Amino acid sequence: MKIFVCIKQVPGVSEVRIDPETNTLIREGIPSIINPMDKNAVELALEIKKKYGAETIGISMGPPQAEEALREALAMGLDEAYLLTDRAFAGADTLATSHTLYLGISTLLEKFKERDNYLVICGTQAIDGDTAQVGPELAEELGIPQITYVQKFELQDGKVIVERAFRGEEIVVIETKLPVLISVLKDVNEPRYPTLDGIVNSYEKEVKYLTHEDLKAKKQNIGLTGSQTEVWRIFVPKRKGEHLILEGSIEERVNQLCEKLREDKLI
Ligand SMILES: Cc1cc2nc3c(=O)[nH]c(=O)nc-3n(C[C@H](O)[C@H](O)[C@H](O)COP(=O)(O)OP(=O)(O)OC[C@H]3O[C@@H](n4cnc5c(N)ncnc54)[C@H](O)[C@@H]3O)c2cc1C
């Protein structure tokens, strides 16, 4: 079985700056990290490999610096890593991103004999774009079933059995077979830290680069040209919250607070 893990490199800060001229994120000088849920996806791939045997492959679309994220995933224990990187991929929306990932996975699948014996694992959502669209769109492109919000995964006699979070408290148990795409929640596991050996070994492995030519991608389907969405404006909303500092004894402060809450019709 092949397991493809989709890994996105994201800014490692909660507040990003936006260039007002170009409406794009200012990434210079900002540390980057693996999207947190993608670490859960890597961990799940490694757990599945240990339990059932599999070949684990990390795949990312991004600029050359996204190699760092793949290198970290290799250090955690993935077998191989591919970076889909090309100026032609820049400016991709979720549709163009998932199309590029689809081309990457199908190109890699061409070499394998058991072409249906594979699993794709994504994070449920990325902390920067936050749309949760890439996993489902990628499954559609691959023409395989998808199960989102996965918090438990098992393989039994060739059957895939997953638990999926549903409406908060409820859990749905779903059975399907490979190939399938799942997107995982952070509750699925606790990602491991790379060991020293893992880090050293990761530098002995090559992160393989694939361009739009390697993927035989048509320019109208990738990058900004292939994007159906158009960003009109990006801005950080102004914080409207006011604060009130209460002074006096505890009793006086409690009375002032109750008065204010009544005034604002909150009690
Ligand atoms: C018009 C437009 C232009 C844009 N231009 C740019 C740009 O120039 N530069 C830029 O960085 N962003 C750009 N974006 C944002 C870009 O669309 C998203 O970063 C990207 O499509 C992923 O969407 P998301 O972050 O919502 O991922 P989600 O759908 O929330 O991610 C879910 C999961 O999908 C997988 N995944 C998502 N993205 C990738 C990836 N790249 N590689 C591997 N796996 C992935 C991961 O497993 C992730 O956990 C643009 C968006 C629009 C609409």
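Worth pointing out:
- In the structure shown, the pairs Lys111/Lys216; Lys2/Lys152; Lys177/Lys205 are assessed against 23 Å; a Cα-Cα span above that value is assigned to Lys177/Lys205.
- Helix-only mean residue ellipticity at 222 nm for the chain, each DSSP H run of n ≥ 4 adding -39500 (n - 2.57), per residue, nearest 500: -8500 deg cm²/dmol
- For the stretch 194-267 and the stretch 97-121, distance of Cα centres in Å: 30
- As a rough footprinting exposure proxy, the listed residues Met76, Met61 were ranked by other beta carbons within 10 Å of their own, and the order from fewest upward is Met76, Met61.
- In plain terms, the residue of Phe235, Phe112 with the fewest other Cβ atoms within 10 Å comes first and the most crowded comes last, giving Phe235, Phe112.
- The chain: most fluctuating residue of Lys177, Lys216, Lys208 per GNM, C-alpha cutoff 10 Å: Lys216
- Building the convex hull from the alpha-carbon atoms of the stretch 69-164 and averaging its projection over directions returns 7.5 nm².
- Length added when fully stretched, Val200-Lys260, from 0.36 nm per residue minus Cα-Cα: 15.6 nm
- Loop-located GluC sites (Glu not before Pro) in the stretch 64-137, at most 14 other Cβ atoms within 10 Å (DSSP): Glu110, Glu114
- √(5λ) per eigenvalue of the Cα gyration tensor, the chain, largest first, Å: 39, 25, 19
- As a proxy for reagent exposure, Thr56, Thr22 were ordered by neighbouring Cβ count within 10 angstrom, fewest first; the result is Thr22, Thr56.
- Gyration tensor (Cα) of the stretch 201-267, equivalent ellipsoid semi-axes in angstrom: 59, 23, 9
- Pairwise FRET efficiency - Asp79 versus Tyr193, Cβ, R0 = 25 Å, nearest 0.05: 0.85
Laboratory data are not the source of any read-out in this text; all were calculated from the coordinates shown. No experiment lies behind these values; they were computed from the predicted model shown. Note: ideal-geometry Cβ built from the backbone for every residue, glycine included; neighbour counts use all protein chains shown.
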